[in-house]
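*Asks:* This structure is in structure tokens; I'll ask about it shortly.
What follows draws every value from the coordinates through simple rules; no lab data is involved. All values derive from a computational prediction rather than experimental measurement.
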Amino acid sequence: MTLYLYEIAPLHLDRSDADRAIKELDAVIHREGGELIEAQVTGEAHRVFAIAEFDSCQAPSIDAATLSVAEASGPHPVRLVGAELAQLKAARPAAGYLVEWDLPADLDMDTYLARKKAKSPKYADVPEVTFLRTYVREDMDKCLCFYDAPDETAVRRAREAVTTPIDRLHRLEGEQR
């Protein structure tokens, strides 16, 4: 089982265009023997972040023309951290916010995972925020961290508690599946 990240920028900044792109991506993924695990749409439908699982086959590449979107990239192999895939598939927990962190060039996966494990208990200092899951690109380009929180300010406090930067912070419009 391997997870892959796809990123999409819809042609039109509206939810219906984002939903259409997700449905087209889902069809491509299923045609190639995979499963769409989740697709999160950022506020005002600027971007879609989709995670797909492929067992033994190769994840298909996509581009803007494949999905009739402004931009598309993937597949980028990712590692799920902080959640179990089976539970994620069963519960599909809603996330309110997504933090993108462009990882430093000198950070390797083992160091990242050790740091995450050591700092995660500090989320308790911000009880109104629930850390849900992270996807770390295997190439260590970036990670996507999902949170349930009342507002952006609370997410920023949670990131400060674990002394981890925010490169981009997105309010999510809810999962499309």
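*Asks:* Against the empirical 2.2 N^0.38 Å scaling, what ratio does the C-alpha Rg of the chain come to?
*Replies:* That works out to 1.00 for the chain.
*Asks:* Across the range 61-76, in residue order, what do the Karplus-derived ³J(HN,Hα) couplings come to in whole Hz, using 6.51 cos²θ - 1.76 cosθ + 1.60 with θ = phi - 60° and x for Gly and Pro?
*Replies:* 6, 10, 9, 4, 5, 4, 10, 6, 10, 6, 9, 8, 9, x, x, 10
*Asks:* Continuing with the same structure: Over all directions, average the projected area of the Cα convex hull of the range 1-53 and note it in nm².
*Replies:* If you wrap the Cα atoms of the range 1-53 in a convex hull and average its projections, you get 3.2 nm².
*Asks:* For residue 133, list long-range residues whose amide hydrogen, built 1.01 Å from N in the peptide plane, is under 5 Å from its own amide hydrogen.
*Replies:* HN-HN under 5 Å from residue 133: 146.
*Asks:* While we're looking at this one, here's another question. Run through all the Cα pairs of the range 102-173 and give the fraction in each 10 Å bin from 0, expressed as whole percent.
*Replies:* Calculated over all Cα pairs of the range 102-173, the distribution is 18, 55, 25, 1 percent.
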